[in-house]
Structures are given as structure tokens and as C-alpha cells.
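Below is one structure, written out as C-alpha cells; comments come after it.
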Amino acid sequence: MVSAFGALSAQAPAESRSVWDGVYTEEQAKRGEPIYQKECASCHGDLLTGGESAPPLTGGAFQANWNGLTLGDLFDRIRKTMPQRAPGRLTRQQDADVLAFLLSVNKFPAGKDELYRQSEMLKEIRFETKKPATKN
Amino acid sequence: MVAKDTVIIGAAFREGMTPRSMRNNKGYVRGFDVRTGKRLWIFHTIPKKGEFGYDTWEKGSAEYTGNTGVWTQITVDEQLGLVYLPVESPTSDFYGGHRPGNNLFGETLVCVDLKTGQRKWHFQLVHHPLWDMDISSAPILADITVDGRLIKAVAQPSKQGFLYVFDRVTGKPIWPIPERPVEVGDVPGEWYSPTQPIPTKPPAYSRNGVSIDDLIDFTPLLRERAKEIAEKYHLGSVYTPPTVSKLERPLGTLTLGTASGGTNWPGGSYDPETHVAYLYACNSCIEPIGLVPSPKEISDLNYIAGTAGKEVEILRGPGENAGADSQRPPKKRPRSQWVPLNIDGLPLVKPPYGTITAINLDKGEFVWQVAHGETPDVVRNSDLLQGLTIPRTGQETYNVGTLVTKSLVIAGEAQVTTTADHPRGAMLRAYDKATGKEVGAVYMPGPQSGSPMTYMVHGKQYIVVAVSGGPYSGEYIAYTLPSEGE
């Protein structure tokens, strides 16, 4: 039953992908880290734990906030409102790299392909807090 | 605050955990004529030479120490013509070595005359403040009956979970608030008050210290893992002072009921008919307080908040770095010494994480206390807790308050959850104010911020809630019952 379900999900169409499917690369997360430290860390904390002026970007409350939405929603939030002192200043590539870094810190698995830079395509990837039973 | 013909204004400062200097502006409170704008009075929250309290700042430290403002709501009794000022901490929040002495009127409830600003009475809640226990919410006016005697009282909620109740004319505590010995620390250059005032009634309504018994205990293994983390810190009861952060331990003092504990800016509610106060409190807002020697290029203080092994950085407050004065953030910092204060996402301390407490002010006793807020997703879905039945835990936040009506206490949740009963969102909950029993809940698309408010339009009652957080941008949502025929 478990293996049958696993086989199914391997062939599943794009819209059923989630953050557990290896949707970014380690390389990309590494590129995102210095951008995060430069652009985001002074408010969100260098360990993503948040501060008085900004919410955490890791942990239970963060994951509950985005659970059931898509990476496109999170990407748009970053793209349209961040960094606070100059929203939209970063390129789509930089935003995607920062998002990859967030995913890696939140222990979602890396994969072979980099994250998309288009919100429409990122909207096909669900943000799910709970690891599916069939995934390792 | 506008009361009768007077506008009263306090002062708000940048976050005081890592100030650049022991010298700062002073948070005086001023009264202005509402018609002419003429200044009527000024109250020196740090006394000037010759004024009462100047000698509580040894070595002339009143001259240069700053902050000590009133950033939260001010309360006025217009009939009595009295103003109640809840004063915050002096510079700096966690190190007071440059301001030896008790430091009046830091963390003091001060009553002044509405017309003249003259001090009528004061009560310092915390001597020589070291824990960021700013008095952070509005003093509550309460006309109560104690042992058959009618008393005009003022009740002050606090981060440290004490509700301080005074006769608001005389400043005399309704129930004794004796000085009790507290731990004296050993941070170089620090000055310590050997005692602090501890109310005898009502009992503390939220945690204000950390002991092993407070740690997570869903399973013995979780308790063991929590102990491993807690053992890196100094633990103790209320007013256990901060330590110097050391790699070999302690990394600092692990505290509850300090910077973001208990009741914060949303404050409490009071029912004038039943004389019951309702207080939301964070019961799990854990704060490690460690001090590190300050690099001279960061600050002229000997010590500021920080953790051993981590580059010292300025901690920022709301709105900072959002304007023309924004600076480049410091370079990348090592993360080797970071100790997460959770266990695979589970809070380090046991529930309840957040509570609402009903306190009878005629008796100084609890009527009821409930965990407020759905159990967080991270707890409900944890693999470590499979098979366990966990009663509702409440939620960790310092950003929500209550509304009391004729029959209900209403408060929303500050965290988003996704449950079998509702999609991703937060609930606005109503409790029977007499018993604390939940009588209903409605769905909100985002978490509550601050306290709900109620109003009437054309005979119809509405409840309005400020909602924002995570993916949800801020907006007000008003709820009402369907009209007949709807």
C-alpha cells in the first residue's frame, strides 16, 4: 500500500508537488544565505528566530502561518513587501535564493532543480508542514 | 491621553537591551493645555538634583541615565483629578552597573495631579530594574469592596504576572506587598537590590521564574531533553538576576515573566459590576538573559545583552532601520553557540502556554483560569507525541488582550492553526465570564493583534478585531449576529 502510493506520487502531475519534493538545490540555498544575512537578518535575526519587529521564519508559528498555502504565496510576500526599507529591490533570482535558504533552514529536503522564479509556477508547490508518510 | 483640559504625553525610545550608550534622553512626561498648546507641567521620571528620589541614583547617575519613559497607555481618574503613569526601565534593560541605586521612578507606578503634574504617591514595582519589566499596560481603575469597605482602587497588571492593587487616592497597597530577599548576582560592576516587593494577594497569574518543574513533561524523554538545554542556563524564581554569558555555562539566566512575559501592551479588562479583572498572560514567553562585555565600537556600557561566542550586535525595535537612517547590517555571524530553546519545535516549558485569568478584586483571589488558544500545530502534529491525549495548551504570545461584556469574555488567538474543524486561521473565542467555560468561537482568517472592541450601531452590537500576521495583511474585521430574516 505504501509503495503503491509512493509510485503514484512519483508520477503525479506538477500541481501535487509540495515542499517535501526537493524543490530547490543546496547550491541555491547556499547562495541565498549571504543575501538573507545582508538583507533580512537585522530584523528577522541571523538565526531566523525573529525579533520584536519581525516574526520568526522558522519553527512552529512560522510553519503554521503558511501551512496549506503555496510557495508562490510566500514568494509574493517576500517580493512585494521585503526588505521592509525598500520592498521589491531584490531581483526575482535573489528572492528565490532567499526562499531556498528559508526552506533549507526549515529542514525541507533539497533536490536537483532550482526553485522557479515565477510566482505562478511557485503557486503549484504546496507549503505543507507535515511530512507525507510516504516520503523519507 | 486627553483628560479634561490637559493633553498628557509620554515618550517612546529605541529598544534598550543593547544601547549604544549609558547616556540617553530622559523619558519625562508632559502635560499641555488642550486649547493653547502651552505646557502646563513636566514630571521628571528621573529626578533632577534636589528633587525627591535623586539620591536613588548613586554616583550622579541621574545626570546621564535616560529612557525611563511612559510608552504605554496612561490612565486618568477625571473625578479625582489624578493621573496614573506606568513607567518603563532606565538605560539599559539588563545591565544597571552604570546606575547604582534603586533608580526611582524606573518601573514605578506614579500618581500625579492632572492639573499640576505634582507627584501624589508612587510605588516602585521593581527596585533597580534588570529584567525589562517595563510597566507595559494601562493601570486599571476599579471601585472595589474589601471587607465591607468601599475603596477606589487602581490595579496594575505586569509582565511578571503580579497584579498590584492600590488605594488609588493614597497609594496604599490593598493587600500587603512586603519586601522579600532575592538572589544577588555577580556581574562585574552591577549593583543589586537585596529585596523586591512581592504581593501577598492576588497570587501571581503567570509564571515568573523557571525551575526544572516548569519544563516540558509530555514524556520523561522530553523532560530529559529539556533539562539538557536548561542546564546550560542559570535558573531561578522571580527576580533571579542576569548572568555573564559563558561558553562553559551559564549562557545566561533563563527567565519567564520578563521582557515579553505576563501581560504586555494589550493590558487587562475590568468588570465594574462584579469587580472581576480579566487578564490574558503569556505563560511561556521564555527569555534567556545573558550579558557580554561590550565592544567599545558598539557601546560605552561595560556589559550589554548577548551570548558568549556570538558576535555582539545591536538589537532592533519596531520601525527601526525603515527610514533614512538605516544602516548596513553587520557581516555574517557564526551560529555555533546557538541553543534552540525548543525540542524539535515543541516549547521548552510545559503548558499552559497562554492563559486568561479572572481575579476577584474584592477578595484578591482567582475566580478561574483557562488556557487560551488552540493547541499549536507543532504540538498537535508532533511525531514525538503520537498516541498522547493533550488537553488544549493555549498559545504563546504577548500581543493579545481581552474584551469583557455583560456576559462574556472575548479574546482571539494570536497564532494560526489548521485543524479538522477549521482551515488555516485563528479563532475568536467567547467565554462565560462567570465560569471561564467556552461558549462559542468564530473563525478569523488571521490572528488577533491587541484587544477586541465592541460598539453599537442602530441597536445592533458589533465586535471589531484587528487581524494580521504571517501571510495576512492587517485589517479590522467586525462581527455581528445575523439580523432577523437574514
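Tabulated values for the structure
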read-out	value
Criterion violated by A:SER16 - all others in (1) buried (at least 17 other Cβ atoms within 10 Å of the Cβ); (2) under 13 Å from A:ILE125 (Cβ atoms); (3) polar (S, T, N, Q) satisfied	(1)
Residue list for region A:82-107, restricted to those being at pLDDT below 95 and in contact with a Leu (Cβ under 9 Å, 6 or more places away or on another chain)	A:MET82, A:PRO83, A:VAL105, A:ASN106
Single residue of B:GLY171, B:GLY189 found to be over 30 Å from B:SER451 (Cα atoms) and in contact (Cβ under 8 Å) with a residue 12 or more places away in the chain	B:GLY189
Scan of region A:98-127 for residues that are free of Cβ contacts under 8 Å to residues at least 40 places away in the same chain and within 21 Å of A:THR81 (Cα to Cα), ordered by number	A:TYR116, A:ARG117, A:GLN118
Members of region B:451-473 found to be at pLDDT below 95 and within 19 Å of B:PRO266 (Cα to Cα), listed by number	B:SER468, B:GLY469
Looking only at region B:396-413, and only at residues there that are touching a residue at least 60 places away in the same chain (Cβ under 8 Å) and of a type in the set (A, V, I, L, M), the one that is nearest to B:THR357 (Cα to Cα)	B:VAL409
Residue count, region B:147-178 (criterion: part of a strand (DSSP E or B), farther than 15 Å from B:VAL110 by Cβ and hydrophobic (A, V, I, L, M, F, W, C))	5
Matching helices (runs of 4 or more DSSP H) fully within region A:26-136 where at least 3 residues are more than 9 Å from chain B (Cβ to nearest Cβ)	A:26-39, A:71-81, A:92-105, A:119-122
Some residue of region B:291-308 being within 17 Å of the chain's Cα centre (by Cα), at pLDDT 95 or above and among the hydroxyl-bearing types (Ser, Thr, Tyr)	no
Per-region count, region B:385-417, residues within 14 Å of chain A (Cβ to nearest Cβ) and outside any loop (DSSP other than H, G, I, E, B)	3
Within region B:346-374, considering residues that are surrounded by 21 or more Cβ atoms within 10 Å (Cβ to Cβ) and within 11 Å of chain A (Cβ to nearest Cβ), the one modelled with the lowest pLDDT	B:PRO347
Residues of region B:237-263 satisfying the condition of being at positive phi and either touching a Ser or Thr at 6+ places or on another chain (Cβ under 9 Å) or not in a loop (DSSP other than H, G, I, E, B) (or both)	B:TYR239, B:GLY252, B:GLY257, B:GLY262
B:ALA430 being under 20 Å from B:THR274 (Cβ atoms), surrounded by 15 or more Cβ atoms within 10 Å (Cβ to Cβ) and either in contact with a Phe, Trp or Tyr (Cβ under 7 Å, 6 or more places away or on another chain) or without any contact (Cβ under 8 Å) to a residue 60 or more places away in the chain (or both)	yes
Candidates B:GLY470, B:GLY474 - the one that is more than 12 Å from B:GLY412 (Cβ to Cβ), within 13 Å of chain A (Cβ to nearest Cβ), without any contact (Cβ under 8 Å) to a residue 60 or more places away in the chain and in contact with a Ser or Thr (Cβ under 9 Å, 6 or more places away or on another chain)	B:GLY474
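Every residue, every condition in (1) at pLDDT 95 or above; (2) among the polar types (S, T, N, Q), yes or no:
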| residue | (1), (2) |
| --- | --- |
| B:GLY387 | no, no |
| B:THR397 | no, yes |
| B:GLY401 | yes, no |
| B:SER407 | yes, yes |
| B:ASP421 | no, no |
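The values are calculated or read from the model by the stated rules, or taken from the named source; none is laboratory data. All values reported here derive from a predicted model rather than from experimental measurement. With ideal geometry, Cβ positions are generated from the backbone for all residues, glycine too; neighbour counts draw on all protein chains shown.
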